[in-house]
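The structure that follows is given in the form of structure tokens.
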Amino acid sequence: MDTVVSMRELSVTESVPEDVVTLVREARQVVALSGAGMSAESGVPTFREVQRGLWERFSAEELATPDAFEADPALVWTWYRWRQALIAAVEPNPGHRALAAWQRHLADQGGWLAAVTQNVDDLHERAGTDVLAHLHGSITTHRCADCQEPVEVPAPAYDGFTVPPEPEQPPRCPACQEGLARPDVVWFSEMLPAEAFDAATAAIRASDLVIVVGTSGIVQPAASLPLLGLERGVPLIEINPEETGLTEVMDFAIRGRSGEVLPRLLAAAGIPLDRR
Ligand code: OAD
């Protein structure tokens with residue numbers, strides 16, 4: 001690619017550079033692409049963290065596959081049920097709330113913020129954000145692994161702060177009586193929901209700023225979305241405490257936690273944070 005990329009890294013203890021503040025203040029059509037790091041400060045472990053209890057021998061990536069579910073449905077089902085219970089028990093953090101405020105502010109100005117997330121949680125929505133695309137589905141709904149019909153499953157009876165001691169079998173599908181219920185999420189090797197991916201693609205193609213928050217930028221095809229912005233010369237800003245697979249294409253990489261950086265960034269750009 002011929003584009004010359006200027007990349008600056010700054011620590012969260014420094015002030016946000018004026019160039020970034022200006023981009024945020026002047027943007028009218030923003031895509032925010034979020035990943036697991038966005039929910040980390042709410043207490044939801046990312047996919048790169050070491051696991052506990054029933055799953056200590058497995059990485060998250062080993063569990064989030066159709067093969068893992070086929071080999072040991074109870075192990076995978078219980079992992080998702082526990083994450084569902086944990087997500088229900090935690091709260092959106094200041095990063096989620098800042099994005100919601102930015103979306104409201106842009107709507108008031110005749111612009112828009114399209115929230116595109118790889119997260120299967122509903123913390124963006126609970127903060128008040130209208131999410132355009134859940135690229136990897138949702139952990140709160142279920143479907144049959146065979147016939148694909150929706151399956152109603154009551155919320156877990158525990159709060160998710162402790163890991164369940166025993167694996168629990170997934171219920172059988174009431175429609176076909178054959179298949180097992182599975183979470184309505186996208187597993188590795190599965191296709192993303194076309195509607196969500198197309199909506200995200202269209203938003204990036206119409207955007208004047210892309211902000212990438214809390215994603216390792218290595219899981220495809222979601223990680224390729226910012227490249228559509230890059231092709232059009234749209235400024236790209238990353239917020240992440242660590243370097244990611246996307247850092248080298250960013251115009252700015254802000255090293256910090258989203259719950260701290262996003263509110264600071266918006267405040268510096270004069271975007272009101274607490275109006276609801
Ligand atoms: P990952 O778990 O791969 O990466 C989390 C990212 O969040 C890392 O880059 C961390 O540095 C960063 N991070 C941690 N704490 C943060 C904080 N407080 N603020 C900002 N960033 C922080 O998560 P994803 O990139 O979302 O897919 O993973 C993508 C997909 O891979 C997931 O949707 C899931 C996973 O396996 C499937 O299940 C198909």
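The values are calculated or read from the model by the stated rules, or taken from the named source; none is laboratory data. A quick note: this is a predicted structure, and the numbers were derived from the prediction, not measured. Here Cβ is always computed from backbone atoms with ideal geometry, including for glycine, and neighbour counts include all displayed protein chains.
Scan the stretch 31-66 residue by residue and report those that are touching a residue at least 40 places away in the same chain (Cβ under 8 Å), within 13 Å of the ligand (Cβ to nearest atom) and either of a type in the set (D, E, K, R) or more than 28 Å from residue 131 (Cβ to Cβ) (or both).
If the condition is that a residue be touching a residue at least 40 places away in the same chain (Cβ under 8 Å), within 13 Å of the ligand (Cβ to nearest atom) and either of a type in the set (D, E, K, R) or more than 28 Å from residue 131 (Cβ to Cβ) (or both), then 41, 48, 61 are the ones that fit.
Sticking with this structure for a sec: Does the stretch 51-60 hold any residues that are modelled with pLDDT of 85 or more and part of a loop (DSSP other than H, G, I, E, B), and which are they?
56, 57, 58, 59 - these are the residues of the stretch 51-60 that are modelled with pLDDT of 85 or more and part of a loop (DSSP other than H, G, I, E, B).
On to the next question. With respect to the numbered conditions (1) within 9 Å of the ligand (Cβ to nearest atom); (2) at pLDDT 95 or above, which one is the sole condition not fulfilled by residue 241?
All conditions are met except number (2).
Okay, moving on. Considering only residues that are of a type in the set (A, V, I, L, M, F, W, C), in a helix (DSSP H, G or I) and within 20 Å of residue 42 (Cβ to Cβ), which ones fall in the stretch 61-101?
In the first step, residues of the stretch 61-101 are kept if they are of a type in the set (A, V, I, L, M, F, W, C); the result is 63-64, 68-69, 71, 74-77, 79, 82, 85-90, 98-101.
Next, from what is left, pick out any that are in a helix (DSSP H, G or I): 63, 68-69, 71, 74-77, 79, 82, 85-89, 98-101.
The answer is 79, 82, 85, 86, 87, 88, 89, 98, 99, 100, 101.
Can you list residue pairs whose Cβ atoms sit under 9 Å apart, with the first residue in the stretch 214-230 being closer than 17 Å to residue 251 by Cβ and the second being buried (at least 23 other Cβ atoms within 10 Å of the Cβ) and of a type in the set (Asp, Glu)? Count only pairs 6 or more apart in sequence or on different chains.
If the second residue must be buried (at least 23 other Cβ atoms within 10 Å of the Cβ) and of a type in the set (Asp, Glu), the pairs left are 215/238; 217/238; 226/238.
Here's another thing I want to ask about it. When the stretch 142-196 is examined, which residues are found to be within 16 Å of the ligand (Cβ to nearest atom), among the hydrophobic types (A, V, I, L, M, F, W, C) and touching a residue at least 12 places away in the same chain (Cβ under 8 Å)?
We begin by selecting, within the stretch 142-196, every residue within 16 Å of the ligand (Cβ to nearest atom); these are 142-143, 145, 182-194, 196.
Checking the rest, the ones that are also among the hydrophobic types (A, V, I, L, M, F, W, C) come to 145, 185-188, 191-192, 194, 196.
145, 185, 186, 187, 188, 192, 196, listed by residue number.
Looking only at the stretch 101-111, count how many residues are surrounded by 21 or more Cβ atoms within 10 Å (Cβ to Cβ) and in contact (Cβ under 8 Å) with a residue 60 or more places away in the chain. Write out each step before concluding.
Of all residues in the stretch 101-111, those surrounded by 21 or more Cβ atoms within 10 Å (Cβ to Cβ) come to 101-103.
With in contact (Cβ under 8 Å) with a residue 60 or more places away in the chain added as a condition, the list becomes 101-102.
The number of residues fulfilling the criteria is 2.
Please tell me if residue 103 is more than 16 Å from the ligand (Cβ to nearest atom), touching a Lys or Arg at 6+ places or on another chain (Cβ under 7 Å) and closer than 25 Å to residue 208 by Cβ.
Values: more than 16 Å from the ligand (Cβ to nearest atom): yes; touching a Lys or Arg at 6+ places or on another chain (Cβ under 7 Å): no; closer than 25 Å to residue 208 by Cβ: yes.
Spelling it out, it is not the case that residue 103 is more than 16 Å from the ligand (Cβ to nearest atom), touching a Lys or Arg at 6+ places or on another chain (Cβ under 7 Å) and closer than 25 Å to residue 208 by Cβ.
Give the residues of the stretch 131-161 that are among the acidic types (Asp, Glu) and either buried (at least 17 other Cβ atoms within 10 Å of the Cβ) or in contact with a Leu (Cβ under 9 Å, 6 or more places away or on another chain) (or both), sorted by residue number.
Let us first name the residues in the stretch 131-161 that are among the acidic types (Asp, Glu), namely 146, 149, 152, 159.
Residues satisfying the conditions are 146, 159.
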